[in-house]
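*Asks:* Below is a structure I'd like to ask you about.
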Amino acid sequence: MSPLDTVAGGLPTLDYSHPILYFEDFTEGQIIELGSLAPLTEEAIIAFARQWDPQPFHLDPVAAKDSIYGGLIASGWQTALLTMRLQVDNLLNETDGQGSPGVENIRFRKPVRAGERLAARFTVLVAEPSASRPTLGKVLGRTELLDDAGAVVYQMDGWTLIGRRPPDG
């Protein structure tokens with residue numbers, strides 16, 4: 001069970017009655033499944049593109065057929081944002097997270113098309129105590145979005161600052 005409950009309007013709110021993960025709960029090599037996305041529709045791809053990434057292969061199915069992709073594809077930014085939502089809902093909101101000092105890389109590895117089933121995972125690459133802040137640890141994690149065949153379609157490596165477990169906890 002997640003520490004998220006849904007309130008009116010479908011917006012999540014935290015329920016702090018569940019245990020929070022601290023820096024000590026993360027180990028190098030650990031894999032955390034983040035859940036799956038509802039398949040994107042052509043309408044959702046086009047609506048996002050219209051507002052944020054108006055390139056022909058995101059906007060126009062006819063023009064997209066003549067592109068190197070051979071059809072309509074989702075914006076990589078749409079893919080990134082949807083993946084981020086999974087990461088927030090299924091990991092970060094359950095963690096004593098204190099923000100991020102940055103991202104080391106983002107890769108759009110494979111086009112995402114309408115109807116594809118996608119799932120995300122987070123792999124801990126580095127977990128180290130902060131040298132300057134003894135109450136924090138730093139975790140470098142790789143967030144990946146995979147298609148049904150297991151191919152990575154999106155990948156991001158980023159750092160998260162996470163609170164250390166209190167001495168009485």
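*Asks:* Any chance you could give the angle, 0 to 90 degrees and rounded to 10, that helix 42-52 forms with the longest Cα principal axis of the chain?
*Replies:* Orientation of helix 42-52: about 70 degrees from the principal axis.
*Asks:* To continue, here is another question. Loop by DSSP (not H, G, I, E, B), at most 16 other beta-carbon atoms within 10 Å: where is the longest site-free stretch of the chain for trypsin sites (Lys or Arg not before Pro)?
*Replies:* On the way: sites that count: R109, R117.
The segment 1-108 is the longest one with no such site.
*Asks:* Ok, one more. Is the C-alpha gyration tensor of the stretch 16-111 telling us rounded, prolate or oblate? Criteria: a/c under 1.5 is rounded; beyond that, a/b larger than b/c is prolate, otherwise oblate.
*Replies:* Values: a/c = 2.89, a/b = 2.45, b/c = 1.18.
Prolate, since a/c reaches 1.5 and a/b exceeds b/c.
*Asks:* Which residues make up the longest stretch of the chain that has no chymotrypsin sites (Phe, Trp or Tyr not before Pro) in a DSSP loop with at most 15 other Cβ atoms within 10 Å?
*Replies:* Values: sites that count: Y16, Y69.
So the longest stretch without any such site is 70-169.
*Asks:* Roughly speaking, what % of Cα-Cα pairs in the stretch 40-169 are separated by over 21 Å, rounded to a whole number? Before the final figure, lay out each step's value.
*Replies:* Values: 4040 of 8385 pairs.
Across the stretch 40-169, Cα pairs with separations above 21 Å total 48 percent.
Read-outs throughout are calculated quantities, based only on the coordinates presented, and are distinct from any laboratory measurement. Source: prediction; values computed, not measured. Because the Cβ atoms are built from the backbone with ideal geometry, glycine has one as well, and the counts that use them run over all protein chains shown.
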